Amino acid sequence: MRLFSLALIATGLLIGCTRTDPSPAPAGSSSAPAPAPEKTTLSVKGSDTMVILGQRWAETYMNANPGVSVQVTGGGSGTGIAALINGTTDICEASRPMKDKEKDDTQAKRGARAVEIKVALDALAVYVNEKNPIKEISIPALSKIYKGETTSWKDVGGANHAVVLYGRENNSGTYGYFKEHVLENKDFAAGVQTLAGTSAVASAVKGDAFGIGYGGIAYLEGIRALKVKKDDTSDAIAPSLETAQSGTYPIARFLYFYTAGEPTGLAKRFIDWVKSPDGQKVIELVGYYPLPKT
């Protein structure tokens, strides 16, 4: 029995000495999970005024960066801002500045401040049909037309015919800008035909000899933009690159990107490219204006 016990002890010692421990981790390795692959898809949503510009930017950027997808959709500045607040878009396109409450909502829901990035200039155009003899209009006269106080073209030097009003829906940044800067936040006339998209407004005016509309300068095909006077005694100024950049055109405005927090990764690279000389060249091809050179 003693011999048998000694044999068992010896066997146990042998097993203990020959047990294989796990191989040590290679130098420099970590037990932490590998970082997630970098994002290759970017969503951009918002302004209908900007949608054709955003799509052209996206196409140009994707052609130069295979494997990257930039998806651009419209719906209006308000729709894009709501998507930014809810976290369903990476970048919001807006043709008006965000309101303080919208910025507060972004901070509350996303845990990050809304970052404003100016990306282009627009001379907000007042559209008329090419058959309309009117060449210019003052902001006070335009305000009276859209408030319903002036109802006939003859009151502003045109034909003896009712003015047919076209405009944007109230979630549009262009609607908000026009209401603030032309109507001084007064109500639009009940007879304004609100349309979903700047292209729809331009198309309506193109087909209506007595129509008037407003929207981005890039939508002028087949229609004409009036010269605009700041008031009844000012010079009438045509919308152009020079007058938009100098600020002499009275209803020129910036176009914006917004992000929740400082942009990083793909969003930052795309925005940096948009603001670069190559990205700014795209703006003129679409019909808007590049940012003033600083």
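Within the stretch 217-234, at least one residue is of a type in the set (Phe, Trp, Tyr) and part of a helix (DSSP H, G or I). Only one of the numbered conditions (1) surrounded by fewer than 17 Cβ atoms within 10 Å (Cβ to Cβ); (2) more than 24 Å from the chain's Cα centre (by Cα); (3) β-branched (Val, Ile, Thr) is not met by Thr194, and that is (2).
State yes or no: is Thr88 hydroxyl-bearing (Ser, Thr, Tyr) and either at pLDDT below 95 or closer than 23 Å to Trp57 by Cβ (or both)? Spelling it out, Thr88 is indeed hydroxyl-bearing (Ser, Thr, Tyr) and either at pLDDT below 95 or closer than 23 Å to Trp57 by Cβ (or both). Within the bounds of the stretch 91-113, is there any residue that is of a type in the set (Lys, Arg), surrounded by 21 or more Cβ atoms within 10 Å (Cβ to Cβ) and at pLDDT 95 or above? Taking every residue of the stretch 91-113 in turn, at least one turns out to be of a type in the set (Lys, Arg), surrounded by 21 or more Cβ atoms within 10 Å (Cβ to Cβ) and at pLDDT 95 or above. Screening Asn132 on (1) without any contact (Cβ under 8 Å) to a residue 60 or more places away in the chain; (2) part of a loop (DSSP other than H, G, I, E, B) shows it passes everything except condition (1). If you filter the stretch 168-191 down to residues that are surrounded by 20 or more Cβ atoms within 10 Å (Cβ to Cβ) and in a loop (DSSP other than H, G, I, E, B), you find that the one that is modelled with the highest pLDDT is Val182. Checked against (1) more than 24 Å from Arg168 (Cα to Cα); (2) modelled with pLDDT of 95 or more, Leu53 passes all but condition (1).
Evaluating Leu165 against the criteria (1) surrounded by 13 or more Cβ atoms within 10 Å (Cβ to Cβ); (2) in contact with a Gly (Cβ under 9 Å, 6 or more places away or on another chain); (3) in a loop (DSSP other than H, G, I, E, B) leaves one unmet condition, (3). For the stretch 260-294, a residue qualifies if it is assigned by TED's automatic domain parsing to the domain that holds Ile52, of a type in the set (S, T, N, Q) and over 23 Å from Tyr219 (Cα atoms), and the qualifying residues are Thr264, Ser276. Of these, Lys109, Lys103, Lys154, which one is outside any strand (DSSP E or B) and assigned by TED's automatic domain parsing to the domain that holds His181? Only one candidate qualifies: Lys154.
Among the residues making up the stretch 249-268, a single one is free of Cβ contacts under 8 Å to residues at least 40 places away in the same chain and either outside any loop (DSSP other than H, G, I, E, B) or under 15 Å from the mean Cα position of the chain (by Cα) (or both): Lys268.
For the stretch 67-74, the condition holds for at least one residue, the condition being that it is modelled with pLDDT of 95 or more, outside any loop (DSSP other than H, G, I, E, B), not β-branched (Val, Ile, Thr) and not assigned by TED's automatic domain parsing to the domain that holds Gly197.
The residues of the stretch 114-136 that are surrounded by fewer than 20 Cβ atoms within 10 Å (Cβ to Cβ) and farther than 25 Å from Met50 by Cα, listed by number, are Lys131, Pro133, Ile134, Lys135, Glu136.
Among the residues of the stretch 149-186, those that are of a type in the set (Lys, Arg) and closer than 26 Å to Gly76 by Cα comprise Arg168, Lys179, Lys186.
The values are calculated or read from the model by the stated rules, or taken from the named source; none is laboratory data. Just so we're clear, the structure is a prediction, and the values are computed from it rather than from any experiment. For neighbour counting, all protein chains shown are included, and Cβ atoms are generated from backbone atoms with ideal geometry for every residue, glycine included.
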